[in-house]
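First comes the structure, then the notes that go with it.
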Amino acid sequence: MIHSLRVIVVLLGCTLGLNAQGPPITGDKPIMLGGGSFTTKTLTEIRTTQRGTFTYVPLMLHYLPSSNSLVAVHLPYIGFNFENGGNGGDLADIRILGKYQFFRKDATGKTIRLVAKTLQTLPTGRELDLIDLSTGRYAGYYGIVAGYETLKYGISAEFGYNWMPNGTLDELRYKLGVGLPLLKPQYPNKQLNLYFEYTNSWVVERDWYQLLYAQGIQYAGKNITFDFAIQLPLVNDVDEGRKLKQSFFLGTRYTF
Amino acid sequence: MKWATKKEKMKRTYIILTITLLSTIAVAAQKEMDAFKVQVDGLGCPFCAYGLEKKFKEFKGIKKVKIDIETGDFSFSFPAEKALSMEAVIKQVEKAGYTPITAKIIRANGTVENSEDGKVALDPNKLESTEIIVAGNCDLCKARIENAAERLNGVGEASWNADSKLLSLNFDPDKTSLENIEKSVANSGHDTHSHKAKDQLYDKLPQCCHYERLKTK
């Protein structure tokens, strides 16, 4: 109950008080770059917890059949190094992503968009019990991504539920990405953006709650970005031995 | 010696003729391009502009693509022989995921088509050119002033200079009047010497557009 209240309070606080700009690093965005285009992405995460260190390297291929829909496949590799000695590497859970933009309101230099999102996690990885990385179990995530983008600032937020029928990792998730451009908006684009991103995660069946903060920086050229972020727990209310220490993110995306 | 000079002269003449011929061909080729101006809403970040440009690159032969993300002004030229239609341009903006507000095509033969009025072709021989003073400050003002003029049926090209404050335009006096153009500009929040913008409209302009008010005649 306390966790639910925390989620709701943070959710409301964030929604009422913050602004952002650009595509976030650890979150998602509702803007799609033109029908018929492909984007390849990778966002390596090095996650260190009390259990060990895990390196997650996904290769993501996104395709936009139209200006308001997206399908993608994520092929990930995971390297694991447990504190108790076990280590190795293997294929992690393959994911299929689908997005559909159902609302768009445009004005000069700004746009508001809403997107319905589903992420289907296939049980192809090892059973490492690592949320979002490798669970070896099927899960279906259903959520809404919202974004308000302007040339000076913007906001992207995501709210959704991850349903795992044969496991205990059902999760209520809320993300908020705030970004500010450090350079004047220009085209052809050359951007340096700062990101301030929050992730609320409540693992319902285990009653775990985490509020994570990620500080990121992104360089964006014409059709390529390079991203770096460090994520730290602000609230780490999970079982002892499972707590997150920090995560590093290193990524790039290329649109063609 | 004389033979060598004669040969030299002939060589020079050939070079000059070749350059002249190539220049003529180049100028003729340049004239064969239609110019397109589209006002696009929803370009909330430079990446959005990339998405728009990428979609239009599907039109093989597109040249001089220019996007001003602050004003949403998108312009390009395209070979006249391919007769790219207004509908195709508007549809392509929508396919890119953005909202087209107005579009104008200035054909290589001088005719002008406006999206708002359907295919209203202006006879280049009937167009009158003129300049009027319009108050404003910045690129946002420029986009607003030019759009206010160009959206009128009968107006060809309109270009406002932030330094001189002059709006240079051409229009067909059978279809519209200078009075109408100045009214339209004033209704967008910008003073001219004949028509002052309403205070409410002026107050609604972004801070950077708050120019020094003009005294109307």
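The values are calculated or read from the model by the stated rules, or taken from the named source; none is laboratory data. Treat the numbers as computed from the prediction; the structure is a model and nothing was measured. All Cβ positions, even for glycine, are placed from backbone atoms using ideal geometry, and neighbour counts span all protein chains on display.
Odds and ends about this structure:
- Boolean, A:Lys184 is part of a loop (DSSP other than H, G, I, E, B) and touching a Gly at 6+ places or on another chain (Cβ under 9 Å): no
- The residues in the stretch A:60-90 that are within 14 Å of chain B (Cβ to nearest Cβ) and not in a strand (DSSP E or B) can be counted, and the count is 2.
- Index of the failed condition, A:Asp93 passing every other in (1) farther than 17 Å from A:Thr124 by Cβ; (2) within 16 Å of the chain's Cα centre (by Cα); (3) assigned to a loop (DSSP other than H, G, I, E, B): (1)
- Figure legend. Inter-residue proximity from the stretch B:56-79: first residues within 12 Å of chain A (Cβ to nearest Cβ), second residues of a type in the set (Gly, Ala, Ser) and part of a strand (DSSP E or B), beta-carbon distance below 7 Å, spacing 6+ or different chains. Indicated pairs: B:Lys66/B:Ser75.
- Total residues in the stretch B:72-105, condition in contact with a helix residue (DSSP H, G or I) (Cβ under 7 Å, 6 or more places away or on another chain), among the hydroxyl-bearing types (Ser, Thr, Tyr) and surrounded by fewer than 20 Cβ atoms within 10 Å (Cβ to Cβ): 1
- Among the strands (runs of 3 or more DSSP E) confined to the stretch B:81-164, the ones with at least 3 residues that are within 13 Å of the chain's Cα centre (by Cα) are located at B:99-106, B:112-114, B:155-160.
- Residue in the stretch A:20-59 that is farthest from A:Gln215 (Cα to Cα), counting only those that are assigned to a strand (DSSP E or B) and within 12 Å of chain B (Cβ to nearest Cβ): A:Phe38
- A:Tyr161 under 18 Å from A:Gln210 (Cβ atoms), part of a strand (DSSP E or B) and of a type in the set (Ser, Thr, Tyr): yes
- Taking the conditions (1) farther than 26 Å from B:Lys57 by Cα; (2) at pLDDT 95 or above in turn, A:Val71 satisfies each one other than (1).
- For the stretch B:164-217, a residue qualifies if it is surrounded by fewer than 18 Cβ atoms within 10 Å (Cβ to Cβ), of a type in the set (S, T, N, Q) and out of contact with any Gly (no Cβ under 7 Å at 6 or more places or on another chain), and the qualifying residues are B:Ser164, B:Ser168, B:Ser177, B:Asn180, B:Asn187, B:Ser194, B:Gln200, B:Gln207, B:Thr216.
- Any hit, the stretch A:186-205, residues being under 25 Å from B:Asp73 (Cβ atoms), within 13 Å of another protein chain (Cβ to nearest Cβ), without any contact (Cβ under 8 Å) to a residue 24 or more places away in the chain and not acidic (Asp, Glu): yes
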